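Everything on this sheet refers to the single structure shown next.
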Amino acid sequence: MLMEAKNTINFIIKSIICNIKIALEYKKSFVMQVIFMMVNNGFFLIFWGVVFGINGGNINGIGMKDIMYLWSIPVISWGAVHFFFGGIKELNTYIISGTLDTYLLQPKNMFFNIATSKCDLAACGDLVYGTILGIIVSDSILDFLMIIVYSIIGLIFLASIMVIVRSLAVWLGDVENIAHVYEQSLFATFTTYPEAIFGKGIKFLMFTVIPAMYAVHFPIRLMEKFDLKIFILVIVVMIIYILIAKYIFSKVLEKYESGNNIAMKG
Amino acid sequence: MIEIQNLNKTFTKQVRKKGLKGFFFPEKKDFIAVNNISFNVKKGEIIGFVGPNGAGKSTTIKMLTGILHKTSGEVKVAGLDPAKERKKLAYKIGCMFGQKSSLWMHLPAIDTYYLLGAMYDIPKDELERRIEKLVKQFGIEEIIKIPVRKLSLGQRMICEIVAIMLHNPEILFLDEPTIGLDIMVKEKVRKAILELNEKFGTTIFLTSHDLSDIEKVCDRIIIIDDGKIIKDENIEELKHEYLSEKFVEIIYDENIENVDFEYSLVSKEENKVVIKVDVSKIKMSEILEKFMKYGNIIDIEALPLPLEEVIYDIYTRVEEKK
């Protein structure tokens, strides 16, 4: 068991190294994507800076530090999932095209094998940007370490919901647009704006089907003031999401019907 | 090495009927992909598994490798149940599906080999020894350092073969390994398959639509049609069965026209006519006499039927029976 875990971790690291080697194979493109992504993220912070400048640095108790947490923790999570585990984004495509065959023929853990099969180069920009912001906003090393811990929690939430939504391809067929709306329009929006601006209806969603509260807003509250009960709640909900994702992923493997992957129109 | 008893696979598919009701409530229908097949493969054998499109070849291979679960029947591959022991089986088999690559396109093959080493838990020293041995055997020392996307198709296929051999598999499943390759590369791949069998005693289970692959590489052929096995025989024996049937090639000294063929015509180009005859029923002298009336024959030759023709004949007979 311990040996298997060690071998799996070794495989994950080697797989990620391969992805980084690919990034370095296209150095110029990689550097440009990273810079553009950082500039893109930077604009949001400038926008908030202007808003706070007009309103005297505080809007309904929300300050620039809260915004910096919001553009650090979820952005690190987002960047890490897409850079290190970019294959999750391909799960629905693999299901439809029959590409899961390749992974079923290999002895390593299916999920990690798929997850580390691809890398979204631009996501490295998110990762770097979030980390720099995390360093700036941290008052101490412990603060920064907590940002990393909460980013990992956010990563697990994001990876779980991506697995859940993209696995639906096995029942619904093409779910790319559904996944795009869920991950980018809903989850990303709900995690990069302060929780105070959302009404009760949206908050209900953020506590249930789009777990933005547990993935980002509770951790930000914990950054400001640690509360063991909230921390435990976040961990419990995270485990529930992992189990749901694991169950649905196992159903995908049962229901998967393979295919003959020949490029076709349509 | 492979034991299959009464293996079945049924897929349930939705069939859409006309109208709005048919659109929202499609009918579900069962399709039998593999119908009660049984066969065994011994260690070191090279099996050609052939059949027309949709015959059940790929479905059978996918059940043997654990990708698909059987509907009923018994399957054992290298002593393991593929559906229940997929991960364990993965260490004992190597698979190459013609349309799918196991190599990372943007990296040199050597990087994929090291990743596969981690995939199959091969210690670094041992992995390097195996890479060196295989790379030397196939003469691809320089090729493995170039990103795969820059390689020719033939070079890529040889790199693929090395990739599936790194963990010393007992059985290789090759599904259309020569699809889309030119004649030179096909020969290279066939040579590589034979070398693996000779040097490592690897059992090989090969499907191909190119029957020259089967003829040049395999010892035994299993023909599947409509999910059922219609022939399971040694290739030489199969060809022997059809020994009395021959292609007769007649060459005239000039172009001939308006020939009234009584025999089964295979081809006619300018001054050359090829017919198919059963020489146990018709004498060659009789054929010669009949064809002499169309012009001056400068050459005549009787050739054994190629495997392709034998299999086509088997398919035709099965279709006629249906």
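If the elastic network links every pair of Cα atoms under 10 Å, which of B:Asn271, B:Asn35, B:Asn197 fluctuates the most in the Gaussian network model of chain B?
Between B:Asn271, B:Asn35, B:Asn197, it is B:Asn271 that shows the largest mean-square fluctuation.
Once amide H atoms are built 1.01 Å from N in the peptide plane, which residues 5 or more positions from B:Glu45, or in another chain, come under 5 Å H to H?
B:Ile204
Can you tell me the length gained on complete extension of the stretch A:His180 to A:Lys203, counting 0.36 nm per residue apart and subtracting the Cα distance? Before the final figure, lay out the partial values.
Working: separation 23, 0.36 × 23 = 8.28 nm, distance 2.05 nm.
In short, 6.2 nm is gained.
Sorted by accessible area (1.4 Å probe), largest first, how do A:His82, B:His69 line up? Before the final figure, lay out the partial values.
On the way: A:His82 5, B:His69 90 Å².
Highest to lowest solvent-accessible surface, that is B:His69, A:His82.
In Å², rounded to the nearest 100, what is the total accessible surface buried by chains A and B against each other with a 1.4 Å probe? The partial results should precede the final answer.
Details: alone 14380 and 17620 Å², together 29230 Å².
It comes to approximately 2800 Å² buried between A and B.
Please name the residues of region B:98-121 whose accessible area, counted over protein heavy atoms with a 1.4 angstrom probe, falls by no less than 50 Å² between the chain alone and the full protein assembly.
B:Gln99, B:Lys100, B:Trp104, B:His106, B:Leu107, B:Leu115, B:Ala118, B:Met119
What do you get for the angle between helix A:141-167 and the principal long axis of chain A? Use alpha-carbon atoms, 0 to 90 degrees, nearest ten.
The angle comes out at about 40 degrees.
In Å², and per residue, what accessible area does region A:2-264 have when probed at 1.4 Å with the other protein chains present?
Working: 12500 Å² over 263 residues.
Accessible area per residue, region A:2-264: 48 Å².
Using a 1.4 angstrom probe on the protein heavy atoms only, could you order A:Val209, B:Val162 from most to least accessible area? Write out the running numbers ahead of the final one.
Values: A:Val209 85, B:Val162 0 Å².
In descending accessible area the options line up as A:Val209, B:Val162.
Put simply, what bits of region B:71-88 lose 30 Å² or more of accessible area when the other protein chains are there, versus the chain on its own (1.4 Å probe)?
Going by heavy-atom accessible area, the residues of region B:71-88 that drop by at least 30 Å² are B:Arg86, B:Lys87.
Could you derive backbone 3J(HN,Hα) for region A:204-213 from the dihedral phi with the Karplus parameters 6.51, -1.76 and 1.60 (θ = phi - 60°), listing whole Hz in sequence and x where the residue is Gly or Pro?
4, 4, 5, 8, 10, 6, 10, x, 5, 4
At a 1.4 Å probe, what is the % contribution of carbon and sulfur to the accessible area of the protein assembly as shown?
On the way: 17310 of 29230 Å².
Roughly 59 percent, rounded to a whole number.
With heavy atoms of protein chains only and a 1.4 Å probe, what residues of region A:75-111 have at least 50 Å² less accessible area in the full set of chains than alone?
Hits at the 50 Å² cut-off: A:Leu104, A:Leu105, A:Gln106, A:Pro107, A:Lys108.
Could you pull the accessible area for A:Phe52 with a 1.4 Å probe, rounded to 10 Å²?
Approximately 10 Å² of A:Phe52 is accessible to the 1.4 Å probe.
The values are calculated or read from the model by the stated rules, or taken from the named source; none is laboratory data. Everything numeric in this text was worked out from a predicted model, so none of it was measured. SASA here: full protein model, heavy atoms, side chains in, ligands and nucleic acids out. Shrake-Rupley method; radii C 1.70, N 1.55, O 1.52, S 1.80 Å.
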